[in-house]
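**Q** Okay, here's the structure, questions in a sec.
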Amino acid sequence: MSKPRVLVRETIADAGVELLRTRFDVDVETNGDLAERIGDYDAIVIRSATKLTADLIARGTRLKVIGRAGVGVDNVDVEAATRQGIVVANAPESTVVSAAEHTIGLLVSLARNIPQAHAALKQGRWERSRWGGVELADKTLGVLGFGRIGQQVARRAVGLGMRVVAYDPFVAKERYRELGAERMGTMEEILEAAEFITLHLPLGDETRGVIGRAAIERMRDGVRLVNAARGELVDEDALADALRSGKIAAAALDVYCSEPYDGPLLGLDNVVVTPHLAASTEEAQDRAGVIVAEQVAAALEGGLVTYAVNIPSIRPEDLDVLGPFVPLAAKLGRLAMELAQGNADRIELSYYGALAQYDTRLLTVAALNGAFQGRSDVAVNYVNAPLIAAERGIDVEEERKRRSRDYTNLIRVRVRWNGSDATVAGTTMGRDHRPWLASALGFELDVELSPLMVFFRYDDVPGVIGRVGTLFGQQHVNIANM
């Protein structure tokens, strides 16, 4: 049996390439017509230069995974990949330290005009009075977006003696306290309070151009802005006008709406610029290559892809708890749909016990993946199973309850249609986490979930079990359990 084929389209760390070569057939090819070659591969590894459009992805008829050696996936049509059932994985942890350190470097450069003073002295001008700056100590830094990078920036800024205020509705209050930052309730509060602002927001429809004229108007006069996240977060024309008027005293930019950048901001003395260098350290690039290679290997070998952007991910610390329940959820989803004979208007997932404390979205996706196996004209996997449900008009509901009557953890899958339902529930048993069926069709059971199972509904009268056993025996089928 031939090994899966992997195309490494852009240069990644040698260690990442070697990891892939120990398991797969790997071609490292940074040139050539990708449209002609992409259909020959099961996986492709890229960085930021390769643009995987919907047309290119459609040509990748064998593709199972796209690996992006870095954080952003702006150069990948994720929706097109998802519809085709292709996992899109990145390496979000790889550049956290590098990006945070670069942000702090821009912050210090911004406060002290280091690049401008350096350039003047190189040109033979001694301009001490012109390039005097301000201290960072005791100034208020507003962090918009308090994810991995934003948190690391906050940690370092606190070390510089700054007061850090941050906004991110998806981060728990306790995390702010742990890092010595103050949690603000709205972005507007940050804009009004901060003397320095740094952006660490993801790019999406809601955040594109979020720093525009209205946001700038709410800022304090003389604020200083740092953007090492995504260029499209900022309206560059509005920023240029604010820099000229003095509303914004200075800005430091590593990213731009269009790159390479050659716009009017380069002509302003109160702007510090770098050419998208935040992730450009040896350590970050090596780390990204290895991480993305691990993600590609997991996707091709049927493992859990922890950094997939189009599958709910599991935090590493939660993996030990939730991991064993992923195959259980898939088996229960498959069984419930089989018992419903493929009928479904709504699928309800319930999680009881200790499981209820965790993010169970991946378990829900696993159940959907099981439910639609063999019932779709496209190959079903963890990526496109939710889309298949949506396209068929099947509502998917999830509930979590801390209490479970008989089990430490229990998953229940209920398929409803036309006033009828088929319900199954299960858990895992033993150190090897054997999948166990606890109930089905309203009956309490105690049997291991096996690859081959037969279900009968019959009147409880003498002789039925014997007749069924005899029929199986005549066909030389052994009954392992019942």
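**Q** What FRET efficiency would be calculated for the residue pair ASP221, GLU93, taking the C-beta separation as r and a Förster radius of 30 Å, to the nearest 0.05?
**A** On the way: r = 38 Å, r/R0 = 1.27.
The value I calculate is 0.20.
**Q** If you don't mind, another one. Expressed in nm to one decimal, what extension gain is obtained for the pair ALA354 and ASP14 from 0.36 nm per residue of sequence separation less their Cα-Cα distance?
**A** Details: separation 340, 0.36 × 340 = 122.40 nm, distance 4.15 nm.
118.3 nm is the gain from fully extending ALA354 to ASP14.
**Q** Next question, about the same structure. Using the beta-carbon distance between ARG434 and VAL468 and R0 = 25 Å, what value does 1/(1 + (r/R0)^6) give for FRET efficiency, to the nearest 0.05?
**A** Working: r = 25 Å, r/R0 = 1.00.
That pair, ARG434 with VAL468, gives E of 0.50.
**Q** Starting from the residue with the highest accessible area, list SER420, SER404 in decreasing order, probe 1.4 Å. Provide the component values of the computation, followed by the final result.
**A** Values: SER420 50, SER404 30 Å².
The residues order as SER420, SER404, largest area first.
**Q** Using a 1.4 angstrom probe on heavy atoms only, work out the carbon and sulfur share of the accessible area of the chain in %.
**A** Values: 11780 of 24580 Å².
Solvent-exposed carbon and sulfur of the chain make up 48 percent of the total.
**Q** Kindly express, to the nearest 10 degrees and within the range 0 to 90, the angle between helix 236-245's C-alpha long axis and the longest C-alpha principal axis of the chain.
**A** In the chain, helix 236-245 runs at an angle near 30 degrees to the longest axis.
**Q** Find, among the trypsin sites (Lys or Arg not before Pro) in region 372-475, those assigned to loop by DSSP (not H, G, I, E, B) with at most 10 other beta-carbon atoms within 10 angstrom.
**A** Numbers: sites: ARG375, ARG392, ARG400, LYS401, ARG402, ARG403, ARG405, ARG412, ARG414, ARG416, ARG431, ARG457, ARG467; in loops: ARG375, ARG392, ARG402, ARG403, ARG405, ARG431, ARG457.
Answer in residue order: ARG403, ARG405, ARG431, ARG457.
**Q** Still on this structure, I have one more. On a 0 to 90° scale, report how tilted helix 464-474 is relative to the longest principal axis of the chain, with both axes built from alpha carbons and the result rounded to the nearest 10.
**A** Between helix and principal axis, roughly 90 degrees.
**Q** Further question on the same structure: Can you send over the solvent-accessible area of GLU397, 1.4 Å probe, protein chains only, in Å² to the nearest 10?
**A** Near enough 90 Å² of accessible area.
**Q** Using Stokes-Einstein with the Kirkwood hydrodynamic radius over Cα pairs, what translational diffusion coefficient do you get for region 206-327 at 20 °C and a viscosity of 1.002 mPa s, in µm²/s rounded to a whole number? All intermediate terms of the calculation are to be shown ahead of the outcome.
**A** Details: Rh = 17.5 Å.
Estimated via Stokes-Einstein, D reaches 122 µm²/s.
**Q** Compute the long axis of helix 325-339 from its Cα atoms, compare it with the longest principal axis of the Cα atoms of the chain, and write down the angle in degrees, 0 to 90, nearest 10.
**A** Rounded to the nearest ten degrees, it is 50.
**Q** Let me check something: with ligands and nucleic acids excluded, how do GLU178, GLU101 order by accessible area (1.4 Å probe), largest to smallest? The partial results should precede the final answer.
**A** On the way: GLU178 125, GLU101 105 Å².
Of GLU178, GLU101, the descending order of accessible area is GLU178, GLU101.
**Q** Give the whole-number value, in cubic angstrom per residue, of the convex hull volume spanned by the C-alpha atoms of the chain.
**A** Working: hull volume 91.5 nm³, N = 482.
With only Cα atoms used, the chain gives 190 Å³ per residue.
**Q** Next question. Gain in length, GLU178 to ASN343, computed as 0.36 nm per residue apart minus the alpha-carbon separation, to one decimal in nm? Before the final figure, lay out the partial values.
**A** Numbers: separation 165, 0.36 × 165 = 59.40 nm, distance 4.92 nm.
Full extension from GLU178 to ASN343 adds 54.5 nm.
**Q** One-quarter of the Cα convex hull surface for region 1-130, in nm²?
**A** With the hull built on Cα positions only, its mean projection is 11.5 nm².
**Q** If DNA, RNA and ligands are ignored and the probe is 1.4 Å, what is the ranking of HIS118, HIS276 by accessible area, most exposed first? It would help to have the intermediate numbers written out before the result.
**A** Numbers: HIS118 110, HIS276 80 Å².
Result, largest first: HIS118, HIS276.
**Q** Pop the C-beta distance of ARG457 and GLU79 into the FRET formula with R0 = 45 Å and round what comes out to the nearest 0.05. Spell out each step's value before the answer.
**A** Details: r = 42 Å, r/R0 = 0.94.
It comes to 0.60.
**Q** What are the GluC sites (Glu not before Pro) within region 282-386 that DSSP puts in a loop, where the Cβ has at most 16 other Cβ atoms within 10 Å?
**A** Values: sites: GLU282, GLU283, GLU294, GLU301, GLU317, GLU338, GLU348; in loops: GLU301.
Hits after loop and neighbour filter: GLU301.
**Q** Can you give me the solvent accessible area of ASP27 with a 1.4 Å probe, rounded to the nearest 10 Å²?
**A** 50 Å²
**Q** I'd like the accessible area for LYS331: 1.4 Å probe, protein heavy atoms, all chains in place, Å² to the nearest 10.
**A** 80 Å²
The values are calculated or read from the model by the stated rules, or taken from the named source; none is laboratory data. Source: prediction; values computed, not measured. Glycine gets a Cβ as well: all are built from the backbone with ideal geometry, and neighbour counts include every protein chain shown. With ligands, DNA and RNA removed, areas are computed over all heavy atoms of the protein, side chains included. Shrake-Rupley method; radii C 1.70, N 1.55, O 1.52, S 1.80 Å.
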